[in-house]
Amino acid sequence: MRRRPVVIAPLEHMERGAGKNQNSRLCFLALLSAFFWILLLYFHFVVLGGHSVDESITLNPEDGPVNLPVVRKFAPSRVVDAPKIDVKSIREPPKPVDREPKFTAKPEIQTFPFVKALKTVENKSDPCGGRYIFVHDLPSRFNEDMLKECKSLSLWTNMCKFTTNAGLGPPLENVEGVFSDTGWYATNQFAVDVIFSNRMKQYDCLTKDSSIAAAFFVPFYAGFDIARYLWGYNISTRDRASLDLVNWLEKRPEWGIMGGRDHFLVAGRITWDFRRLSEEERDWGNKLLFLPAAKNMSMLVVESSPWNANDFGIPYPTYFHPAKDSDVFIWQDRMRKLERKWVFSFAGAPRPDNPKSIRGQIIDQCKNSKVCKLLECDFGESKCHSPSSIMQMFQSSLFCLQPQGDSYTRRSAFDAMLAGCIPVFFHPGSAYTQYTWHLPKNFTRYSVFIPEDDIRKRNISIEERLAQISPEQLKLMQEEVISMIPRLVYADPRSKLETLKDAFDVSVQAIINKVTKLRKDIIEGHTNDNFIEENSWKYELLEDGQREVGPHEWDPFFSKPKDGDSGDTSAEAAKNSWKNEQRDKS
């Protein structure tokens with residue numbers, strides 16, 4: 001009997017058909033989901049991220065000139081998108097647009113020729129990054145020719161011997177054992193022009209490429225130039241070299257980078273010799289620092305003006321010019337170990353023609369004290385003109401009195417600190433507002449301040465005032481002074497220190513910092529519209545980050561004379577300083 005087959009075909013076909021439909025539906029859902037995610041990713045990366053710029057672009061110091069896009073700040077306006085920038089045409093990416101504030105500045109793309117110089121600091125393999133100095137190759141009439149006529153550089157002093165040994169002068173013999181065996185010279189206090197220029201020749205980051213220069217040095221012997229013509233010459237003669245220099249500089253392409261604001265020069269004289277107030281023949285000095293172009297430059301002088309912004313105080317040269325670090329260390333250790341038998345001392349002459357001078361009272365107090373050493377200075381033979389006598393007195397004193405000289409400052413203050421003697425100042429213009437690059441802003445760490453009026457009107461006893469300082473504080477102040485010695489001396493220009501920074505190094509770095517900050521301010525659009533030049537001395541005392549000045553306890557010391565009334569602070573001070581140079585004749 002044949003068995004009838006089971007009928008399953010219709011059901012099997014039905015299940016197979018249902019499987020096909022189910023697979024099609026799953027495929028459709030998968031495609032739909034993928035499309036959704038593609039759209040989402042596209043919207044996120046392309047639409048929202050469409051304004052991004054490749055930030056992997058870098059700038060190498062060897063690259064050519066750079067166009068830096070900068071957003072300039074204008075009056076607030078509505079939010080605007082950043083303009084499209086062709087990244088192939090630039091090497092520096094623009095700053096990302098800040099979308100948070102309600103108002104943004106309308107961007108403006110500008111080019112700054114000093115961008116490459118700023119970028120050199122980012123090259124970590126270059127030890128000179130951010131420190132390059134370009135030295136102008138001036139015609140010899142602005143420097144070396146003056147040295148060939150050294151006999152005419154001073155009316156009373158033959159400067160020829162003081163320009164020897166790269167400006168250090170003749171070596172000093174250590175007959176009395178006051179000095180070290182090497183590194184001591186009979187250096188003239190106005191020889192900084194040639195000393196600084198010769199030190200610059202040994203600077204380790206000189207460049208002929210102006211595009212990478214952090215600053216530009218102008219080796220003009222401005223001090224020697226005016227010294228030739230201060231007496232018996234008309235104003236045309238006194239101004240001639242300064243006008244020629246400015247004319248020469250303004251024609252140079254390097255000048256156009258910042259209009260001279262990245263340039264600096266050095267003059268080993270007080271600022272008043274370069275600030276003639278009028279065109280009258282009887283007025284003092286030349287007008288170098290009043291020339292429009294010179295107002296852009298920085299001028300380093302041994303005494304600056306408290307009311308002007310284009311000059312900066314640097315130390316007077318001392319007799320010590322170390323050739324190596326060990327010379328400094330040995331001297332510092334020696335100053336720490338000295339027995340100092342005098343509490344205070346003073347080397348100087350009275351100023352009977354100046355009713356405001358307190359020198360007479362200081363000399364009287366010293367004469368009447370059993371703990372004060374006095375070296376009276378006057379015309380003719382005097383131990384005040386003997387480096388050995390001066391240094392011997394300072395080395396045997398705890399405190400050295402430093403009243404105003406013929407002007408605010410004195411070389412004596414630096415000779416004293418070199419000897420480890422704590423200076424006592426009576427006017428803030430004698431040091432505190434002058435040498436802000438080289439001395440601590442907190443003057444109580446290394447000095448004593450006794451206001452002039454305390455001596456002039458109140459007859460305060462200097463001896464009693466100094467006796468109030470505890471032995472512990474005295475020790476700290478003395479150590480501070482000794483630790484400052486490297487920053488206050490000029491190393492031998494024919495060699496260089498290895499680990500220490502001398503007065504030259506400190507000055508050059510300060511100029512570089514000043515120019516770098518100015519360049520960054522220009523790029524970022526920062527301006528200081530509230531700057532008051534007559535308050536220049538106050539700005540030098542501000543802490544980092546501060547920009548505004550206000551009332552100061554030293555305001556009474558710096559009342560600016562009216563035009564034409566420069567008597568005690570400028571022209572007369574300069575004349576007196578110049579007259580008294582004959583005391584140093586030899």
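Restricting region 454-533 to trypsin sites (Lys or Arg not before Pro) that sit in a DSSP loop and have at most 11 other Cβ atoms within 10 Å of their own Cβ leaves Lys457, Arg458.
Counting only Cα atoms, the size of region 430-539 along its three principal axes is 54, 43, 24 Å, in decreasing order.
Would you mind checking the pairs Lys441/Lys475; Lys337/Lys501; Lys161/Lys373; Lys148/Lys201 and listing those with alpha carbons more than 21 angstrom apart? Can you show the working numbers first?
Details: Lys441/Lys475 19 Å; Lys337/Lys501 23 Å; Lys161/Lys373 31 Å; Lys148/Lys201 19 Å.
Checking Cα-Cα distances, Lys337/Lys501; Lys161/Lys373 exceed 21 Å.
Rounded to the nearest whole Hz, the Karplus-based 3J(HN,Hα) values (6.51 cos²θ - 1.76 cosθ + 1.60, θ = phi - 60°) of region 354-360 follow the sequence 10, x, 8, 6, 9, 5, x, with x at glycine and proline. Among the listed pairs Lys124/Lys520; Lys251/Lys514; Lys116/Lys514, those with a Cα-Cα distance over 22 Å are Lys251/Lys514.
Distance check, please: which entries in Lys356/Lys457; Lys151/Lys324; Lys119/Lys496 exceed 20 angstrom between their Cα atoms?
Flagged as over cut-off: Lys151/Lys324; Lys119/Lys496.
In the full protein context, region 388-485 carries 33 Å² of accessible surface per residue, based on a 1.4 Å probe and ignoring ligands, DNA and RNA.
For region 251-361, the relative contact order works out to 19 percent when only alpha carbon pairs closer than 8 Å and six or more residues apart are counted. Per residue, region 284-326 exposes 20 Å² of accessible surface when a 1.4 Å probe is rolled over the protein heavy atoms with every protein chain present.
The values are calculated or read from the model by the stated rules, or taken from the named source; none is laboratory data. Computed from a predicted model, the values in this text were never measured in an experiment. Ideal geometry is used to build each Cβ from the backbone, glycine not excepted, and the neighbour counts take in all protein chains shown. Remember, those area values only see protein heavy atoms, side chains included, never the ligands or the DNA or RNA. Shrake-Rupley method; radii C 1.70, N 1.55, O 1.52, S 1.80 Å.
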